[in-house]
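Reviewing the structure listed below.
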Amino acid sequence: MKGVAAGIGLLVIGFEFEYASTNDDPSSGSPSLKTGMGNVLLQTPGPIFGFEPYFTTGGGVYHEALGTHEDTNFGANIGGGVKVTLVGPLRMRIDYRVFKLGSDALYSPTHRFYVGLNLKL
């Protein structure tokens, strides 16, 4: 999986846009999945012992493909995670999401867990 997100936080509420892409695996029947989601985050106003937990929900567009099956539709997501202060403005972000995809999706809901780096500017 690869992706990128950009956002802004205003004390306890934040907004972000993210794009993520996962390749297919025909041997296991797993489709490729591309998502473009806009999300709202509810978060603590600052880190607590270096940890900043958050809850997020949002929606956007997804594209799923496997073999001759292709589906592009609206999807929604809900989840949460924690931002962990590493050094200076550099943070690690650990996130779990559940995606509810449209009615023609092969697998819905689908789950995603990821770890990435985050810069607090």
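The values are calculated or read from the model by the stated rules, or taken from the named source; none is laboratory data. Since the structure is predicted, the reported quantities are computational estimates derived from the model, not experimental observations. Heads up, the Cβs are rebuilt from the backbone with ideal geometry, glycines too, and the neighbour counts pull from every protein chain shown.
A few notes on this one:
- For the range 63-92, the candidate set comprises residues that are exposed (fewer than 12 other Cβ atoms within 10 Å of the Cβ) and without any contact (Cβ under 8 Å) to a residue 24 or more places away in the chain; within that set, the residue that is farthest from the chain's Cα centre (by Cα) is Thr68.
- Remark: pairs (first residue in the range 93-121, touching a residue at least 60 places away in the same chain (Cβ under 8 Å); second residue surrounded by 14 or more Cβ atoms within 10 Å (Cβ to Cβ) and hydrophobic (A, V, I, L, M, F, W, C); Cβ separation under 6 Å; 6+ apart in sequence or on different chains) = Thr110/Phe99.
- Qualifying position, being modelled with pLDDT under 95 and of a type outside the set (D, E, K, R), among Gly60, Gly29: Gly29
- Residue satisfying all of: in the range 98-121; among the polar types (S, T, N, Q) and surrounded by 15 or more Cβ atoms within 10 Å (Cβ to Cβ); farthest from the chain's Cα centre (by Cα) among these: Ser108
- Across the range 1-46, the number of residues qualifying as among the hydrophobic types (A, V, I, L, M, F, W, C) and closer than 20 Å to Gly75 by Cβ comes to 11.
- Just so you know, in the range 20-31 the residues that are surrounded by 15 or more Cβ atoms within 10 Å (Cβ to Cβ) and either of a type in the set (S, T, N, Q) or under 12 Å from the mean Cα position of the chain (by Cα) (or both) include one that is nearest to Pro109 (Cα to Cα), and it is Ser30.
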